[in-house]
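Colleague: Sending over a structure as structure tokens; questions will come in a sec.
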Amino acid sequence: MRISINNNPIETDGVSETLIEVAHRAGIDIPSLCYAKGAKHKSSCMLCAVRDCASGQLLPSCTTMPTEGMQIETDSPEIELTRTLSLELLLSDHRADCEAPCKVVCPGGLDIPAMNRLYDKDRFDEALTLLRDTLVIPATLCFICPAPCEKICRKGSINTAVPIRELKKELVSRTDLQKVAKPPQNGMSVAVIGSDPLGLSAAYRLRKLGYRVRVFEKSGDVLFPHIQTDKVDRTALKGVVELEVSVLTNMGVEFVMSDERDRLHELEELDGVIAAVCEAPSPKWLVPSAKTKQPARLVLEGCKLADALHASLSVVDGTATTVTTTFNSTFGRLSEAEVASLGTELPTQQVASGCLYCDCDKKTTCKLRLYATRYGIKSSRYGASSVFEALHRQRINGSMWFEPAKCIRCGLCVYNSDNGFTFRDRGFVMQVVLPPENVGNVKEELADLCPTGGIWKDAP
Ligand code: SF4
Ligand code: SF4
Ligand code: SF4
Ligand code: FES
């Protein structure tokens, strides 16, 4: 038989593939959550909705078989609205964070739970690499960052906040800070004007990307003169700053003690210049867009500027990359009941850092997050309450977990396990549960089949 999808005529036998499978075979993308190729499923999410213009019906493409003469439309304002509403409904009882609150407020964007997980596994070198690749001058920031992460730390509402700054200091002291590889040169040469936190982070990032990097600093001293604080022991701080500057030197960053105005002709010859602390005399020079004095924010700005310079020098086809804001599910404060139960039963295991690991283990692979981003969902307009407690995690086996508050009741785990997951109740109160006596029947593959962070495995 012949149908059309988005006005493309397509042949199909009408029995062996559903509409979504015909579309996928033709290279046409239709989003889906409760459908997975080759797995048993029933339609429930309506994300795969399409319109048959021949009959006027809105149909779930994951369970609808093609019939002769169908004229399928996969995208329109009406279909987009249906998908948006479906996503908002699914998120209306999603008591879960994609990113941990501590990471969201960190002005430098440090993935604190990721660092804590490495710390808790005694993988200190990897933790330091993560720390330095984000914060560039982590030891210096331990002295001067006011640590908004600790103020918002969720563990603080249970007993005491995770001592994030102390953990970072410990990591720095447990590792060889100066042990750093010297990246090979990529043949291009750039300059950074000024050695404030922004300048140094741009220099670090660009050197890691292979550029020859020269930092021009007219004060005669690197970084330290740019740090304004009277609240710390300046002698101790100076020692730390010198140590971190030597890391950049070991990587091959060159420091030139000179006023850039004397070297303008020379700088114009380079592949790129970042003006961290001065006006740019040439439109080719990159300057920070955000005005800030917050040291960790300056580091983030420096990394962004370095990435922007690298992107402009690596353009292949002249196409600009579109930057989208990634959806972030947040549930806010713990309820009294959650505080009480988390106080007695930590969600994962008792770990050295004391961290609750508030972020989602599937934050980079979750289909719900992917589509919420694609359809521009800001937050649920229906609120976010759930019969399930946030951060309550049921251990399935050594590294596999079930987290009911992240379940969207798609049923994939129920239909694809024998005597494992099961539905409880019906209608709006319907839940997916894993009775303790069924735990041994759950197969590892379900973690990949689950479209959200409902079922997940610990990262290696
Ligand atoms: S399940 Fe998906 S949407 Fe929910 S917290 Fe995890 S990543 Fe975010
Ligand atoms: S408990 Fe851990 S992940 Fe949660 S806010 Fe505190 S440091 Fe961050
Ligand atoms: S836990 Fe099961 S029902 Fe819930 S989202 Fe994952 S696969 Fe679907
Ligand atoms: S209803 Fe089709 S993917 Fe969910």
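The values are calculated or read from the model by the stated rules, or taken from the named source; none is laboratory data. Everything numeric in this text was worked out from a predicted model, so none of it was measured. Note that each Cβ is placed from the backbone with ideal geometry, even for glycine, and that neighbours are counted across all protein chains shown. We work out accessible area using only protein heavy atoms, side chains counted, and drop any ligands, DNA or RNA first. Shrake-Rupley method; radii C 1.70, N 1.55, O 1.52, S 1.80 Å.
Colleague: Residue 390 versus (1) within 16 Å of ligand 3 (Cβ to nearest atom); (2) under 23 Å from the mean Cα position of the chain (by Cα); (3) modelled with pLDDT under 95; (4) surrounded by fewer than 22 Cβ atoms within 10 Å (Cβ to Cβ): which is the lone unmet condition?
Modeller: (4)
Colleague: Residues 90, 85, 81, 58: which one is of a type in the set (A, V, I, L, M), closer than 30 Å to residue 153 by Cβ and open to solvent by 20 Å² or more (accessible area, probe 1.4 Å)?
Modeller: Criteria check complete, one pass: 90.
Colleague: Could you tell me whether any residue of region 400-417 is modelled with pLDDT under 90, closer than 29 Å to residue 31 by Cα and hydrophobic (A, V, I, L, M, F, W, C)?
Modeller: Within region 400-417, not a single residue is modelled with pLDDT under 90, closer than 29 Å to residue 31 by Cα and hydrophobic (A, V, I, L, M, F, W, C).
Colleague: Just give me the residues in region 411-440 being in contact with a helix residue (DSSP H, G or I) (Cβ under 9 Å, 6 or more places away or on another chain) and buried (at least 18 other Cβ atoms within 10 Å of the Cβ), in sequence order.
Modeller: 412, 413, 416, 417, 420, 421, 432, 434
Colleague: Could you figure out which of (1) within 16 Å of ligand 2 (Cβ to nearest atom); (2) part of a loop (DSSP other than H, G, I, E, B); (3) surrounded by 14 or more Cβ atoms within 10 Å (Cβ to Cβ) isn't true of residue 405?
Modeller: The failed condition is (2).
Colleague: Considering every residue within region 271-280, establish whether at least one is part of a loop (DSSP other than H, G, I, E, B), free of Cβ contacts under 8 Å to residues at least 60 places away in the same chain and either closer than 30 Å to residue 376 by Cα or open to solvent by 60 Å² or more (accessible area, probe 1.4 Å) (or both).
Modeller: So far as region 271-280 goes, yes, one or more of its residues are part of a loop (DSSP other than H, G, I, E, B), free of Cβ contacts under 8 Å to residues at least 60 places away in the same chain and either closer than 30 Å to residue 376 by Cα or open to solvent by 60 Å² or more (accessible area, probe 1.4 Å) (or both).
Colleague: If a residue must be touching a strand residue (DSSP E or B) at 6+ places or on another chain (Cβ under 8 Å) and in contact (Cβ under 8 Å) with a residue 60 or more places away in the chain, how many such residues does region 226-255 contain?
Modeller: The number of residues fulfilling the criteria is 2.
Colleague: Pick from region 6-24 the residues that are open to solvent by less than 20 Å² (accessible area, probe 1.4 Å) and either in a helix (DSSP H, G or I) or of a type in the set (D, E, K, R) (or both): which of them is farthest from ligand 1 (Cβ to nearest atom)?
Modeller: 22
Colleague: Scan region 73-110 for residues that are among the hydrophobic types (A, V, I, L, M, F, W, C) and not in a helix (DSSP H, G or I) and jot them down.
Modeller: Within region 73-110, 96, 98, 100, 106, 110 meet the criteria.
Colleague: Keeping to region 86-125, report how many residues are touching a residue at least 60 places away in the same chain (Cβ under 8 Å), more than 13 Å from ligand 2 (Cβ to nearest atom) and hydroxyl-bearing (Ser, Thr, Tyr).
Modeller: Within region 86-125, residues that are touching a residue at least 60 places away in the same chain (Cβ under 8 Å), more than 13 Å from ligand 2 (Cβ to nearest atom) and hydroxyl-bearing (Ser, Thr, Tyr) number 1.
Colleague: Looking at region 427-460 only, could you name the residues that are in a loop (DSSP other than H, G, I, E, B), closer than 23 Å to residue 48 by Cβ and not acidic (Asp, Glu)?
Modeller: 430, 450, 451, 452, 453, 454 - these are the residues of region 427-460 that are in a loop (DSSP other than H, G, I, E, B), closer than 23 Å to residue 48 by Cβ and not acidic (Asp, Glu).
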